[in-house]
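Worksheet: one structure, shown below.
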Amino acid sequence: MSKLSPSDQGTVDYAAWRELMVQNQLESRGILDPEVLEAMRRVPREQFVPVEERDAAYEDRPLPIGFGQTISQPFTVAYTIEALQLRGVERVLDVGTGSGYAAAVLSLLAKEVHSVERIPELAEQARTRLKTLGYNNVEVHVGDGTLGLPERAPFDAILVSAGAAQLPTPYFEQLSDQGRIVIPVGEVESSQDLLRFTRHGDELREANLGLFAFVPLIGEYGWRG
Ligand code: SAM
(Lines give C-alpha, C1' and ligand atoms only; values in the text may rest on other atoms or scores of the structure.)
Protein backbone atom coordinates (compact mmCIF):
# COMPACT_ATOMS: atom_id res chain seq x y z
CA MET A 1 0.00 0.00 0.00
CA SER A 2 2.89 2.40 0.80
CA LYS A 3 6.39 2.53 2.20
CA LEU A 4 4.92 3.08 5.65
CA SER A 5 4.34 -0.14 7.52
CA PRO A 6 1.63 -0.09 10.20
CA SER A 7 3.87 -1.98 12.60
CA ASP A 8 7.25 -0.32 12.01
CA GLN A 9 7.50 0.70 15.66
CA GLY A 10 6.00 -2.51 17.00
CA THR A 11 2.57 -0.90 17.41
CA VAL A 12 -0.02 -0.59 14.68
CA ASP A 13 -0.61 3.03 13.68
CA TYR A 14 -4.16 2.79 12.34
CA ALA A 15 -4.47 6.58 12.08
CA ALA A 16 -1.55 6.60 9.64
CA TRP A 17 -3.19 3.85 7.58
CA ARG A 18 -6.43 5.79 7.65
CA GLU A 19 -4.77 8.92 6.29
CA LEU A 20 -3.12 6.91 3.51
CA MET A 21 -6.45 5.30 2.69
CA VAL A 22 -8.05 8.75 2.36
CA GLN A 23 -5.26 10.03 0.12
CA ASN A 24 -4.62 6.95 -2.03
CA GLN A 25 -8.08 5.44 -2.35
CA LEU A 26 -10.47 8.38 -1.99
CA GLU A 27 -8.95 11.75 -2.92
CA SER A 28 -6.98 10.29 -5.83
CA ARG A 29 -10.19 8.73 -7.23
CA GLY A 30 -12.24 11.88 -7.10
CA ILE A 31 -13.94 11.96 -3.70
CA LEU A 32 -14.04 15.74 -3.26
CA ASP A 33 -16.49 16.54 -0.46
CA PRO A 34 -14.30 17.72 2.44
CA GLU A 35 -16.89 16.67 5.03
CA VAL A 36 -17.00 13.12 3.63
CA LEU A 37 -13.20 12.93 3.60
CA GLU A 38 -13.07 14.21 7.18
CA ALA A 39 -15.66 11.63 8.31
CA MET A 40 -13.64 8.86 6.62
CA ARG A 41 -10.55 10.17 8.50
CA ARG A 42 -12.36 10.03 11.82
CA VAL A 43 -14.09 6.63 11.86
CA PRO A 44 -11.77 3.84 13.09
CA ARG A 45 -12.53 1.19 10.44
CA GLU A 46 -10.34 -1.36 12.27
CA GLN A 47 -12.98 -1.42 15.04
CA PHE A 48 -15.64 -2.55 12.56
CA VAL A 49 -13.89 -5.68 11.25
CA PRO A 50 -13.24 -9.02 12.98
CA VAL A 51 -10.05 -8.98 15.10
CA GLU A 52 -8.25 -11.29 12.64
CA GLU A 53 -8.94 -8.81 9.80
CA ARG A 54 -7.77 -5.66 11.64
CA ASP A 55 -4.47 -5.29 9.84
CA ALA A 56 -6.36 -5.50 6.54
CA ALA A 57 -8.92 -2.86 7.58
CA TYR A 58 -7.48 -0.13 5.33
CA GLU A 59 -6.90 -2.30 2.28
CA ASP A 60 -8.67 -1.36 -0.94
CA ARG A 61 -11.30 -4.12 -0.81
CA PRO A 62 -14.33 -5.40 1.06
CA LEU A 63 -13.65 -7.71 4.02
CA PRO A 64 -15.66 -10.60 5.49
CA ILE A 65 -17.64 -9.81 8.66
CA GLY A 66 -19.28 -13.23 9.15
CA PHE A 67 -22.66 -14.68 8.13
CA GLY A 68 -21.54 -14.54 4.47
CA GLN A 69 -21.57 -10.71 4.55
CA THR A 70 -18.95 -8.02 3.99
CA ILE A 71 -17.95 -4.54 5.07
CA SER A 72 -17.79 -2.58 1.81
CA GLN A 73 -14.53 -1.29 0.32
CA PRO A 74 -13.64 2.20 1.72
CA PHE A 75 -14.06 3.84 -1.70
CA THR A 76 -17.56 2.39 -2.11
CA VAL A 77 -18.61 3.71 1.30
CA ALA A 78 -17.25 7.21 0.58
CA TYR A 79 -18.65 7.31 -2.98
CA THR A 80 -22.17 6.21 -2.05
CA ILE A 81 -22.29 8.57 0.93
CA GLU A 82 -20.94 11.52 -1.07
CA ALA A 83 -23.72 10.88 -3.60
CA LEU A 84 -26.33 11.47 -0.87
CA GLN A 85 -25.21 15.14 -0.65
CA LEU A 86 -25.74 15.41 3.10
CA ARG A 87 -25.56 18.78 4.91
CA GLY A 88 -25.81 17.66 8.53
CA VAL A 89 -29.55 18.19 9.03
CA GLU A 90 -30.95 15.00 7.52
CA ARG A 91 -32.74 11.98 8.89
CA VAL A 92 -31.13 9.04 7.07
CA LEU A 93 -32.25 5.45 6.49
CA ASP A 94 -29.28 3.06 6.11
CA VAL A 95 -30.34 -0.32 4.73
CA GLY A 96 -27.84 -3.15 5.42
CA THR A 97 -26.11 -2.22 8.69
CA GLY A 98 -23.54 -5.03 8.38
CA SER A 99 -20.65 -3.98 10.62
CA GLY A 100 -22.14 -0.53 11.27
CA TYR A 101 -19.21 1.23 9.55
CA ALA A 102 -21.26 3.14 6.95
CA ALA A 103 -23.76 4.06 9.68
CA ALA A 104 -20.88 5.54 11.72
CA VAL A 105 -19.68 7.60 8.75
CA LEU A 106 -23.26 8.74 8.05
CA SER A 107 -23.75 9.70 11.70
CA LEU A 108 -20.99 12.33 11.38
CA LEU A 109 -22.67 13.84 8.31
CA ALA A 110 -26.38 13.77 9.21
CA LYS A 111 -28.60 14.55 12.17
CA GLU A 112 -30.08 11.11 12.74
CA VAL A 113 -29.39 7.66 11.26
CA HIS A 114 -31.75 4.67 11.31
CA SER A 115 -29.92 1.55 10.20
CA VAL A 116 -31.73 -1.71 9.37
CA GLU A 117 -30.12 -5.17 9.25
CA ARG A 118 -31.89 -8.48 8.52
CA ILE A 119 -29.37 -10.69 10.37
CA PRO A 120 -30.05 -10.25 14.10
CA GLU A 121 -26.51 -11.21 15.22
CA LEU A 122 -24.89 -8.61 12.94
CA ALA A 123 -27.40 -5.98 14.09
CA GLU A 124 -26.64 -6.72 17.75
CA GLN A 125 -22.87 -6.57 17.21
CA ALA A 126 -23.16 -3.30 15.29
CA ARG A 127 -25.46 -1.78 17.92
CA THR A 128 -22.99 -2.58 20.72
CA ARG A 129 -20.02 -1.35 18.68
CA LEU A 130 -21.67 1.93 17.69
CA LYS A 131 -22.74 2.58 21.27
CA THR A 132 -19.29 1.78 22.68
CA LEU A 133 -17.64 4.11 20.15
CA GLY A 134 -20.08 6.91 20.98
CA TYR A 135 -22.13 7.16 17.77
CA ASN A 136 -25.21 8.20 19.69
CA ASN A 137 -27.34 9.46 16.82
CA VAL A 138 -27.56 5.98 15.23
CA GLU A 139 -30.39 3.56 15.99
CA VAL A 140 -30.00 -0.03 14.74
CA HIS A 141 -33.16 -1.96 13.84
CA VAL A 142 -33.56 -5.65 12.97
CA GLY A 143 -35.82 -6.37 10.03
CA ASP A 144 -36.40 -6.39 6.30
CA GLY A 145 -34.99 -3.09 5.07
CA THR A 146 -36.74 -3.45 1.70
CA LEU A 147 -39.86 -2.35 3.58
CA GLY A 148 -38.12 0.84 4.70
CA LEU A 149 -38.93 1.93 8.24
CA PRO A 150 -42.43 3.47 8.14
CA GLU A 151 -42.46 4.24 11.87
CA ARG A 152 -39.43 6.56 11.48
CA ALA A 153 -40.26 8.04 8.04
CA PRO A 154 -39.98 10.44 6.29
CA PHE A 155 -36.27 10.25 5.42
CA ASP A 156 -34.22 12.88 3.63
CA ALA A 157 -31.76 10.27 2.39
CA ILE A 158 -31.81 6.49 1.96
CA LEU A 159 -28.62 4.49 1.46
CA VAL A 160 -28.87 0.83 0.45
CA SER A 161 -25.66 -1.21 0.73
CA ALA A 162 -26.92 -4.41 -0.90
CA GLY A 163 -27.93 -5.03 -4.52
CA ALA A 164 -31.63 -5.02 -5.45
CA ALA A 165 -33.36 -6.21 -8.63
CA GLN A 166 -35.37 -2.98 -8.61
CA LEU A 167 -36.11 0.00 -6.38
CA PRO A 168 -38.26 -1.25 -3.46
CA THR A 169 -41.59 0.60 -3.79
CA PRO A 170 -41.94 1.56 -0.07
CA TYR A 171 -38.94 3.89 -0.33
CA PHE A 172 -40.74 6.48 -2.47
CA GLU A 173 -43.51 7.09 0.05
CA GLN A 174 -40.96 7.25 2.90
CA LEU A 175 -38.79 9.85 1.13
CA SER A 176 -39.21 13.58 1.73
CA ASP A 177 -39.44 16.00 -1.19
CA GLN A 178 -35.94 16.66 -2.60
CA GLY A 179 -34.80 13.50 -0.77
CA ARG A 180 -32.18 11.18 -2.29
CA ILE A 181 -31.94 7.38 -2.53
CA VAL A 182 -28.64 5.71 -3.44
CA ILE A 183 -29.07 2.03 -4.29
CA PRO A 184 -27.33 -0.63 -6.40
CA VAL A 185 -29.83 -2.13 -8.88
CA GLY A 186 -29.20 -5.01 -11.27
CA GLU A 187 -31.03 -7.86 -12.96
CA VAL A 188 -28.36 -10.35 -11.92
CA GLU A 189 -27.35 -10.84 -8.30
CA SER A 190 -23.63 -10.35 -8.95
CA SER A 191 -23.45 -6.89 -10.55
CA GLN A 192 -25.43 -3.68 -10.26
CA ASP A 193 -25.69 -0.12 -11.52
CA LEU A 194 -25.41 2.27 -8.61
CA LEU A 195 -28.41 4.58 -9.01
CA ARG A 196 -29.33 7.84 -7.33
CA PHE A 197 -33.01 8.77 -7.26
CA THR A 198 -34.02 12.30 -6.28
CA ARG A 199 -37.61 13.08 -5.38
CA HIS A 200 -39.19 16.10 -7.07
CA GLY A 201 -42.78 16.15 -5.85
CA ASP A 202 -44.46 13.07 -7.29
CA GLU A 203 -41.51 12.25 -9.53
CA LEU A 204 -38.24 10.42 -9.05
CA ARG A 205 -35.31 11.52 -11.22
CA GLU A 206 -32.62 8.92 -11.80
CA ALA A 207 -28.84 9.22 -12.27
CA ASN A 208 -26.48 6.32 -12.97
CA LEU A 209 -23.31 6.47 -10.85
CA GLY A 210 -21.50 3.44 -12.31
CA LEU A 211 -21.12 -0.33 -12.08
CA PHE A 212 -20.60 -2.04 -8.69
CA ALA A 213 -20.86 -5.48 -7.09
CA PHE A 214 -22.72 -5.71 -3.77
CA VAL A 215 -24.06 -8.71 -1.83
CA PRO A 216 -27.78 -9.27 -2.57
CA LEU A 217 -30.59 -7.34 -0.88
CA ILE A 218 -32.84 -10.10 0.43
CA GLY A 219 -36.44 -9.39 1.36
CA GLU A 220 -40.01 -8.81 0.29
CA TYR A 221 -39.00 -6.21 -2.33
CA GLY A 222 -35.55 -7.72 -2.93
CA TRP A 223 -34.18 -11.14 -3.85
CA ARG A 224 -35.63 -14.30 -2.30
CA GLY A 225 -33.51 -15.55 0.63
N1 SAM B 1 -23.02 -1.02 5.32
C2 SAM B 1 -22.35 -2.20 5.81
C3 SAM B 1 -21.10 -1.88 6.58
O4 SAM B 1 -20.75 -0.70 6.67
O5 SAM B 1 -20.50 -2.83 7.10
C6 SAM B 1 -22.07 -3.20 4.75
C7 SAM B 1 -23.27 -3.79 4.18
S8 SAM B 1 -23.10 -5.38 3.51
C9 SAM B 1 -22.33 -5.05 1.99
C10 SAM B 1 -24.82 -5.63 3.14
C11 SAM B 1 -25.68 -5.93 4.34
O12 SAM B 1 -27.05 -5.87 3.93
C13 SAM B 1 -25.47 -7.30 4.94
O14 SAM B 1 -25.15 -7.20 6.30
C15 SAM B 1 -26.81 -8.00 4.73
O16 SAM B 1 -27.17 -8.90 5.76
C17 SAM B 1 -27.75 -6.81 4.70
N18 SAM B 1 -29.05 -7.03 4.06
C19 SAM B 1 -29.36 -7.75 2.94
N20 SAM B 1 -30.68 -7.66 2.70
C21 SAM B 1 -31.21 -6.89 3.68
C22 SAM B 1 -32.53 -6.42 3.97
N23 SAM B 1 -33.60 -6.73 3.23
N24 SAM B 1 -32.70 -5.64 5.06
C25 SAM B 1 -31.66 -5.30 5.85
N26 SAM B 1 -30.40 -5.71 5.63
C27 SAM B 1 -30.18 -6.48 4.55
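The values are calculated or read from the model by the stated rules, or taken from the named source; none is laboratory data. On a predicted model such as this, the values are computed, not experimentally measured, just so you know. For neighbour counting, all protein chains shown are included, and Cβ atoms are generated from backbone atoms with ideal geometry for every residue, glycine included. Side chains are part of the model used for accessible areas, which takes the heavy atoms of the whole protein and leaves out ligands, DNA and RNA. Shrake-Rupley method; radii C 1.70, N 1.55, O 1.52, S 1.80 Å.
A few notes on this one:
- Just one residue in the set Leu32, Leu20 is over 17 Å from the mean Cα position of the chain (by Cα) and assigned to a loop (DSSP other than H, G, I, E, B); that residue is Leu32.
- A single entry from Val140, Val105 fulfils the requirement of being on the phi < 0 side of the Ramachandran plot, open to solvent by 10 Å² or more (accessible area, probe 1.4 Å) and either modelled with pLDDT of 95 or more or assigned to a helix (DSSP H, G or I) (or both): Val140.
- Scan of region 151-171 for residues that are outside any loop (DSSP other than H, G, I, E, B) and open to solvent by 60 Å² or more (accessible area, probe 1.4 Å), ordered by number: Glu151, Arg152
- Subset of region 172-188 [closer than 19 Å to Asp202 by Cα and either part of a loop (DSSP other than H, G, I, E, B) or more than 14 Å from the ligand (Cβ to nearest atom) (or both)]: Phe172, Glu173, Gln174, Leu175, Ser176, Asp177, Gln178, Gly179, Arg180, Ile181
- Single unsatisfied condition, Val92 versus (1) more than 8 Å from the ligand (Cβ to nearest atom); (2) over 14 Å from Tyr135 (Cβ atoms); (3) of a type outside the set (S, T, N, Q); (4) crowded, with 24+ Cβ neighbours inside 10 Å: (2)
- Among the residues of region 175-225, those identified as among the aliphatic types (A, V, I, L, M) and in contact (Cβ under 8 Å) with a residue 24 or more places away in the chain are Leu175, Ile181, Val182, Ile183, Leu194, Leu195, Leu204, Leu209, Ala213, Val215, Leu217, Ile218.
- Among the residues listed as Arg224, Arg199, Arg205, the single one being charged (D, E, K, R) and crowded, with 18+ Cβ neighbours inside 10 Å: Arg199
- Residue match in region 37-46 (condition: loosely packed, with under 15 Cβ neighbours inside 10 Å and within 14 Å of the ligand (Cβ to nearest atom)): yes
- Entry remark, region 108-118: residues being touching a Gly at 6+ places or on another chain (Cβ under 9 Å), open to solvent by 20 Å² or more (accessible area, probe 1.4 Å) and closer than 24 Å to Tyr221 by Cβ number 1 in total.
- For Gln85, the conditions (1) closer than 12 Å to Ser161 by Cβ; (2) assigned to a loop (DSSP other than H, G, I, E, B) are fulfilled apart from (1).
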